[in-house]
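So the structure is just underneath, and the comments pick up after that.
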């Protein structure tokens, strides 16, 4: 003789399980989106700073006639000042996104300016990140961006 088994509560357990899975996906999605948008903001600021620095042409080298056909040389001091000014313009937006920003690393080589930026992003569910990733005890994520720009100008007749 067969006896009927009772299924009471099985649906409740299934709904609770799916709700937990959905909550974890939402938390991960929000945190990943925050880091992605921070990366884009830092990349954009680095690109703008590198372009600004690449426009700081070394006028003394131009007047001397130093190899203007491969691109006008960039003055390192002026390029660093232009990078700093560009980052000062972007500072308001970056401070809303980042908990901490390191000083930019600026390298000038001939007609190319390279800018490297690093920052720390506090994600909305940082405590969850701290639990899942022991190497991030603060719940913050490091983000970096690297951009390079070359002087597009060249001397006349090249």
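Values in this text are rule-based calculations from the coordinates and carry no lab data. Please read these numbers as outputs of a predicted model, since none were measured by experiment. With ideal geometry, Cβ positions are generated from the backbone for all residues, glycine too; neighbour counts draw on all protein chains shown.
So for segment 13-150, considering every pair of alpha-carbon atoms, how many percent are separated by more than 22 Å?
51
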Between residue 96 and residue 146, the two model label points (7 Å from Cα along the beta-carbon direction) sit apart by a distance in nm of 3.0
So, R0 is 22 Å and r is the distance between the beta-carbons of residue 128 and residue 19; what FRET efficiency does that work out to, to 0.05? 0.85
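By per-residue mean of other Cβ atoms within 10 Å, what is the highest-first order of 112-118, 12-18, 97-103, 80-86? Before the final figure, lay out the partial values.
Working: 112-118: 21.4, 12-18: 9.7, 97-103: 14.9, 80-86: 18.7.
Taking the mean over residues of other Cβ atoms within 10 Å, the ranking is 112-118, 80-86, 97-103, 12-18.
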For the pair residue 78 and residue 30, how long in nm is the line joining their label points, each one 7 Å along Cα→Cβ? 4.9
Could you work out how much longer the chain between residue 12 and residue 43 gets when fully extended? Use 0.36 nm per residue separation minus the Cα distance between them, nm to one decimal. 6.5 nm
